[in-house]
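Quick notes on the structure that follows.
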Amino acid sequence: MTDLPFTTIEAVDAVFLYIFGISGLLLLGITATMVAFVIRYHRRRHPRPQPSPSSKLWLELVWTLIPTLIVLSMFWYSWEGYLKLSDVPPDALKVQAEGRKWSWSFNYENGRSSDRLYVPVGKAVRVEIISKDVLHSLYIPAFRVKKDAVPGIRTYVWFRAPEAGSFDLYCAEYCGVAHSSMVTTVEALPEEQFIAWLEQSKKLPATDAPRLLTRHGCAACHSLDGSRGIGPTFQGLFGRQTQVVSDGREQTLNADRDYVRRSILLPQADLVVGYPPVMPSYEGQIPEDELRSIVDYLCSEALSTAPAEP
Ligand code: CUA
C-alpha cells in the first residue's frame with residue numbers, strides 16, 4: 001500500500017483496534033443475550049421456577065477456555081506491539097529531550113538545540129528523555145508515544161513521522177503549577193529542509209536574548225508584555241521597586257542587575273511577594289555568555305515600559 005517503513009502508529013493502532021473490536025463484539029453479544037434472557041425467562045412465562053441442572057462440564061469448559069484464549073491473544077498481540085515500540089531501528093536519528101519546570105528543550109548530536117522537536121519526515125527518530133527536576137512525561141499523540149521523564153534515569157521513545165507537518169507534544173505527568181503550559185510541537189520537515197535547519201548556526205548568538213528566554217524556559221512563566229504569569233512579568237523589571245521576601249522577612253528592593261542575576265541563579269533568595277516559590281535554580285544551567293546576554297536584555301530599554309496593573 002505505502003512504501004513507508006514501519007511506524008509506531010501502526011504498532012499501536014493495530015492493537016487498539018483489535019482490543020476495541022473484541023470489546024465491541026462482547027458488549028453486543030452479552031447485551032443481546034441478556035435482553036433475550038430477560039424476555040424468554042420473564043416471570044409471566046414461567047410463574048414457577050423450574051429445577052435446573054447444577055452443573056454442565058462441557059459448558060463450563062467452553063466459557064472458561066474461550067475467554068482465556070481471547071485474553072491471551074490480546075496479550076500476545078500487545079506484547080508484539082510493545083516490542084516494536086522498544087526496538088529502535090538502528091539508523092535512527094538521536095535527539096535528547098530535556099524536561100524541566102516548565103518547558104521542553106531538544107538537543108541534537110551536533111550541538112544544535114531547540115524548544116521544538118524538529119525531525120525529518122519518514123526517518124526513525126530516537127528521543128532520549130531526561131528530566132532536570134521532577135517527573136514529566138513526553139507525549140506525542142500523533143505518533144502514539146508517551147514515556148515518563150524521570151530524574152536520574154534515561155528513558156526513550158522512537159517514532160517516524162509519516163508526513164510533513166506540525167504535531168502537538170505535551171507533558172502528560174502533572175509536574176506543578178505550569179504543567180499545562182509545558183506544550184510544544186514536533187515539526188516534521190522534508191529531509192533536505194531538516195538538514196538545512198540542523199546545520200544552521202548551532203548556537204544562538206548570545207545577543208538573541210528573546211530566543212534565549214524561550215530556549216531556557218523562562219518565557220513559559222514570565223511574560224514580556226506586562227501580563228501576569230506563573231512569575232512576575234519581565235516588562236519594566238529593571239529599576240522597579242519590588243516587594244520581596246528575603247530569608248523570611250519582607251523588604252522592598254530596587255531591581256538592579258545584581259538582583260536580576262541573583263533571581264535567575266537563586267530564585268528563592270528574594271522572592272517577589274504574591275508569587276509561589278516554584279522557580280527552579282538555574283545555577284550551572286545557562287552558559288555564562290548567554291546568562292549575561294539575558295541579564296543585559298532584562299535590564300535594557302527594550303523592556304523598560306512600566307507594566308500594566310496585574
Ligand atoms: Cu512537566 Cu507536566
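The values are calculated or read from the model by the stated rules, or taken from the named source; none is laboratory data. Computed from a prediction, not measured in an experiment: that's the story for all the values here. No Cβ is skipped: glycine too gets one built from the backbone with ideal geometry, and neighbour counts run over all protein chains shown. For the accessible areas, the whole protein counts, side chains as well, though only heavy atoms, and no ligand, DNA or RNA atoms are used. Shrake-Rupley method; radii C 1.70, N 1.55, O 1.52, S 1.80 Å.
How charged is the neighbourhood of E192? Take every other residue with its Cβ under 15 Å from the Cβ of E192, and add Lys/Arg as +1 and Asp/Glu as -1.
Here the count lands on -2.
Going by the alpha-carbon gyration tensor, a ≥ b ≥ c the square roots of its eigenvalues, is region 174-310 rounded (a/c under 1.5) or, if a/c is not under 1.5, prolate (a/b greater than b/c) versus oblate?
Taking the square roots of the gyration eigenvalues as a ≥ b ≥ c, region 174-310 is prolate.
Just how large is the dipole of region 172-280 about the Cα centre, in debye to the nearest 20, putting +1 at every Lys and Arg Cβ and -1 at every Asp and Glu Cβ?
Computed about the Cα centre, the dipole is about 360 debye.
Please compute the per residue accessible area over region 1-153 with all protein chains in place, 1.4 Å probe, rounded to a whole number of Å².
66 Å²
Would you mind telling me the share, in percent, of accessible area of region 156-291 contributed by carbon and sulfur at probe 1.4 angstrom?
For region 156-291, the apolar C and S fraction of the accessible surface comes to 53 percent.
Looking at the chain from every direction and averaging, what is the projected area of its Cα convex hull in nm²?
In nm², the orientation-averaged hull projection of the chain is 27.0.
By average Cβ neighbour count within 10 Å, what is the ranking of 159-166, 93-100 from highest down?
93-100, 159-166
Taking N as the number of residues in region 51-167, what is its alpha-carbon radius of gyration divided by 2.2 N^0.38 Å?
Its radius of gyration relative to the 2.2 N^0.38 Å reference: 1.62.
State the antiparallel share, in %, of DSSP beta bridges confined to the chain, rounding to the nearest 5.
Around 75 percent of the beta bridges assigned by DSSP in the chain are antiparallel ones.
For Cα pairs less than 8 Å apart in space and 6+ apart in sequence, what is the mean separation divided by the residue count of the chain, i.e. the relative contact order in percent?
Value for the chain: 13 percent.
Among the aspartates and glutamates, which have Cα under 19 Å from the Cα of K123 when same-chain residues fewer than 8 positions away are ignored?
Candidates past the 8-residue exclusion: D3, E10, D87, D91, E109, E163, D168, E187, E191, E192, E199.
Under a Cβ-only charge scheme (Lys and Arg +1, Asp and Glu -1), can you give me the dipole magnitude of region 1-65 about the Cα centre, in debye to the nearest 20?
Result for region 1-65 is approximately 1020 debye, rounded to the nearest 20.
For every helix of n ≥ 4 consecutive DSSP H residues, a contribution of -39,500 (n - 2.57) applies; sum these over the chain, divide by its total residues, and give [θ] at 222 nm rounded to the nearest 500 deg cm²/dmol.
-10500 deg cm²/dmol
On alpha carbon coordinates alone, what is the Rg over Rh value for region 1-69, Rh being the Kirkwood radius?
Here the Rg-to-Rh quotient is 1.25.
Give, as a single signed number, the net charge of other residues whose beta carbon lies under 11 Å from the beta carbon of E10, with Lys and Arg counted +1 and Asp and Glu -1.
+2
Roughly how many percent of the accessible protein surface of region 1-141 is carbon and sulfur, given a 1.4 Å probe and a whole-percent answer?
Heavy-atom surface of region 1-141 belonging to carbon and sulfur, 1.4 Å probe: 67 percent.
Going by the alpha-carbon gyration tensor, a ≥ b ≥ c the square roots of its eigenvalues, is region 25-102 rounded (a/c under 1.5) or, if a/c is not under 1.5, prolate (a/b greater than b/c) versus oblate?
Since a/c reaches 1.5 and a/b is larger than b/c, the shape of region 25-102 is classed as prolate.
Mind checking which helices in the chain clear 20 Å along their axis (Cα) and have mean Kyte-Doolittle hydropathy of 0.0 or more, DSSP H runs only?
Going by DSSP H runs, the hits are 8-40, 57-86.
Taking Rh as the Kirkwood radius computed over C-alpha pairs, what is the Stokes-Einstein D of region 106-219 at 20 °C in a medium of viscosity 1.002 mPa s, expressed in µm² per second?
143 µm²/s
Taking every eigenvalue of the Cα gyration tensor of region 78-124, multiplying by 5 and rooting it, what semi-axes result, largest first, whole Å?
Ellipsoid half-lengths, sorted descending, are 24, 15, 9 Å.
What percentages make up the Cα-Cα pair-distance distribution of region 97-164 when the bins are 5 Å wide from 0?
Percent of Cα pairs in each bin: 4, 17, 27, 28, 17, 6, 1.
Would you work out which of Y108, S180, A11 lies farthest towards the positive end of the dipole of the chain, given +1 charges on the beta-carbon of Lys and Arg and -1 on that of Asp and Glu, about the Cα centre?
Comparing the listed Cα positions along the dipole, A11 ranks first.
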